[in-house]
């Protein structure tokens, strides 16, 4: 599948659902204590390391959470409508439209990066991982969160809106090998069982990988 095809479909889908999604997702972190713990640990590593990019930031909730933890975070998202919602909700923070396949950032310019449930829309991650390696400074950390498993789930509707989205589930061990091959060896991993209760039910285990560019 051409890169431009999945990017076009993903951008259009998130532009369509941006307003409703921003409202729906706002309280999710409050309901996920283990997610907050992962982000707190990541913040400890990157707080004094320089700028940190939240890549695939959506309406900016992870960017804002990291900022509240003392991290100099800014957000990047493929969807202009998502960036508009992020700027409305967090006017004091920096948000930019951009693609993780070709980040408009200088080499070795970041102390850290996070892709929180955004890598799952990418069919082939090798080029994206190479981009993360390029923009991270030596010693910089990358935090990933993603649904664990195998196969691709395709959605045609979300929140009552028509979409055209692929969700790529990945095995943590396989992605860890891909990170290693990209020069980003994994230093920590967590796999938690799906949370089937509450307002944000899950059907698959959730995986978290922390990688580091050697310094």
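The values are calculated or read from the model by the stated rules, or taken from the named source; none is laboratory data. Values in this document were obtained by computation on a predicted structure and should not be read as measured data. Because the Cβ atoms are built from the backbone with ideal geometry, glycine has one as well, and the counts that use them run over all protein chains shown.
How about the range 151-199: which of its residues are under 27 Å from residue 15 (Cα atoms) and in a loop (DSSP other than H, G, I, E, B)?
Correct list: 151, 159, 160, 169, 198, 199.
For the range 113-144, name all the residues that are within 15 Å of the chain's Cα centre (by Cα), crowded, with 21+ Cβ neighbours inside 10 Å and not in a helix (DSSP H, G or I).
113, 114, 115, 116, 118, 122, 125, 141, 142, 143, 144
Does the range 24-33 include one or more residues that are under 18 Å from residue 158 (Cα atoms) and either in contact with a helix residue (DSSP H, G or I) (Cβ under 6 Å, 6 or more places away or on another chain) or assigned to a helix (DSSP H, G or I) (or both)?
Yes, the range 24-33 contains at least one residue that is under 18 Å from residue 158 (Cα atoms) and either in contact with a helix residue (DSSP H, G or I) (Cβ under 6 Å, 6 or more places away or on another chain) or assigned to a helix (DSSP H, G or I) (or both).
Find all pairs meeting these conditions: Cβ atoms under 6 angstrom apart; at least six residues apart or on different chains; first residue within the range 12-36 and closer than 18 Å to residue 114 by Cβ; second residue at pLDDT 95 or above and not in a helix (DSSP H, G or I).
14/79; 34/192
Can you tell me which residue within the range 56-69, out of those that are touching a helix residue (DSSP H, G or I) at 6+ places or on another chain (Cβ under 7 Å) and part of a loop (DSSP other than H, G, I, E, B), is surrounded by the fewest Cβ atoms within 10 Å (Cβ to Cβ)?
Checked the range 56-69; the qualifying residue surrounded by the fewest Cβ atoms within 10 Å (Cβ to Cβ) is 69.
Quick one: what pairs do we get from the range 47-61, first residue at negative phi and without any contact (Cβ under 8 Å) to a residue 40 or more places away in the chain, second assigned to a loop (DSSP other than H, G, I, E, B) and crowded, with 24+ Cβ neighbours inside 10 Å, C-beta under 6 Å, 6+ apart or different chains?
47/71
Do we find that residue 74 is in a helix (DSSP H, G or I) and in contact with a helix residue (DSSP H, G or I) (Cβ under 8 Å, 6 or more places away or on another chain) in this structure?
no
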